[in-house]
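K.L.:
Have a look at this one.
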Amino acid sequence: MTCIEFQDILGDMIDGETDAQHAAHLSSCSSCSELVSDLRAIASGAKLLCADSEPSPRVWANIQRTLEAEGIIRPATQPGATLFRQRRPWSSVWLATGAAVVLLALAAFFYTNHTTRNQQVAQTQPQSLGASADDMELLSHVSPAARASYADDLETVNAFIRDAEDNVAQNPNDDEARHFLVQAYQERAMVYASAMDRSMP
Amino acid sequence: MTGARRRQGEKLSEAEAIEQAKQGDAEAFEVLYNLHKRRVYSLCLRMTANAAEAEDLTQEAFMQLFRKIATFRGESAFSTWLHRMAVNVVLMQLRKKGLVVVPLEDDIETEEEAPKKDFGAQDLALEGSIDRLRLQNAIGKLPPGYRSIFVLHDVEGYEHNEIAEIIGCSIGNSKSQLHKARMKLRELLRTRRAEKAIKP
């Protein structure tokens, strides 16, 4: 079997079985073997992609407005129901805003800082360690209906930050690694901003 | 029962939320939105590679769902129902732009003839979260037609016969485009890796 003949059945083979003839070609051709290995890695990597992106609070606000306008939502009968919440106290707003600003400032600092690997690690550790107390504080201000969802969001984004920090520590001069870290901090700030919008009165 | 649970601060289950939403309960809609927003938005984002457009489509998918929720009888899983609705909303949008399927004869530069050696790039192993982000970024660079089929098959787990039905193409076309999409992704990922290897 030639490489050209092998290419003809390649698409079907990636998702299916490898028969003896194909296996024989793969064992004798490093190019085809490498190609199959890469395509399988892409297919299996895609299955591991998580649904970890979150729409901005604007989306729910628009949906809520449209549901109201179309009369799909009936007026809430209990005080404190979602659509008729009183304005939240300023203390909650400042708590979440402050946390988001601090995170963004740290992200900007990290992005522009081209110091050594050790210095970068030293700078990122306190941030990671200090986060959970802030998270708990934030969650205590979110309505019970949304609390579990925000806890999940924070867990996901914190894991992303940890991975991104490790990656920067390993590749201190990699622009993309730093970009991912900034992105991770921005996502965390977004979660904070969204939770702030939904904080209880 | 549900009201009592809510007063105690307990979370509504999906089934309870669906029943409450059918009665027009505002908080039930919010619970359903929070349960599914990430999956729907991620699907829209991967298929469009545009955050603003993905948010608009997420909004449209949820609005369609909420308008029809009274007709949901539970024959299929709620998430399957919503997911199919989201896919249709995205495909409708792509169709408006004429971007759903790249015709078979429209061969963009996928280099299929013979596998070539790529300047010392290592085998792709997409294990860590950063690698997955790179794959995600590369998916965003695919032509829209290839991207739709790759996302539906490899990310979302649809079979070729389902994709053919949803998109309105043949099964062979779906398979062909998936293969081309994977080849294009390989090229994008290996190029990126080779660039990194050259860069000090």
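The values are calculated or read from the model by the stated rules, or taken from the named source; none is laboratory data. Owing to the predicted nature of the structure, the values given are computational and were not obtained by experimental measurement. As a convention, Cβ positions derive from the backbone with ideal geometry for all residues, glycine included, and neighbour counts pool all protein chains shown. Only protein heavy atoms, including side chains, enter the accessible area calculation; ligands, DNA and RNA are left aside. Shrake-Rupley method; radii C 1.70, N 1.55, O 1.52, S 1.80 Å.
K.L.:
Could you order peptides B:134-140, B:146-152 by the average number of other Cβ atoms within 10 Å of their residues, highest first?
P.N.:
B:146-152, B:134-140
K.L.:
Which entries in B:LYS11/B:LYS37; B:LYS96/B:LYS141; B:LYS141/B:LYS175; A:LYS47/B:LYS22; B:LYS22/B:LYS96; B:LYS22/B:LYS97 show an alpha-carbon gap greater than 25 Å?
P.N.:
Flagged as over cut-off: A:LYS47/B:LYS22; B:LYS22/B:LYS96; B:LYS22/B:LYS97.
K.L.:
A further question follows. Can you compute 3J(HN,Hα) from phi for each residue in the range A:15-20, using the Karplus curve 6.51 cos²θ - 1.76 cosθ + 1.60 with θ = phi - 60°, rounded to whole Hz and x for Gly and Pro?
P.N.:
8, x, 7, 9, 7, 4
K.L.:
Order B:SER174, A:SER30, most accessible first, counting only protein heavy atoms with a 1.4 angstrom probe.
P.N.:
Correct descending sequence by accessible area is A:SER30, B:SER174.
K.L.:
Let me ask something additional. Could you tell me the total accessible area buried at the B-A interface, probe 1.4 Å, in square angstrom to the nearest hundred?
P.N.:
Accessible area lost upon association: around 5700 Å².
K.L.:
Just checking the output field for B:39-50: average partner chain Cβ neighbours within 10 Å of each residue's Cβ?
P.N.:
That works out to 3 on average.
K.L.:
Pop out a list of residues from the range A:10-25 that are at least 10 Å² less accessible with all the protein chains around than in their chain alone; 1.4 Å probe, no ligands or nucleic acids counted.
P.N.:
Residues shielded by partner chains are A:LEU10, A:GLY11, A:ASP12, A:ILE14, A:ASP15.
K.L.:
Taking a probe of 1.4 angstrom, what is the accessible area of B:GLU159 in Å², to the nearest 10?
P.N.:
Using a 1.4 Å probe on the heavy atoms, I get roughly 100 Å².
K.L.:
Explain nothing, just compute: Karplus ³J(HN,Hα) = 6.51 cos²θ - 1.76 cosθ + 1.60, θ = phi - 60°, for every residue of the range A:57-67 in order, whole Hz, x for Gly and Pro.
P.N.:
x, 4, 5, 5, 4, 5, 4, 4, 4, 5, 4
K.L.:
Peptide B:20-27: average number of partner chain Cβ atoms within 10 Å per residue?
P.N.:
5
K.L.:
Once amide H atoms are built 1.01 Å from N in the peptide plane, which residues 5 or more positions from A:VAL142, or in another chain, come under 5 Å H to H?
P.N.:
A:MET200
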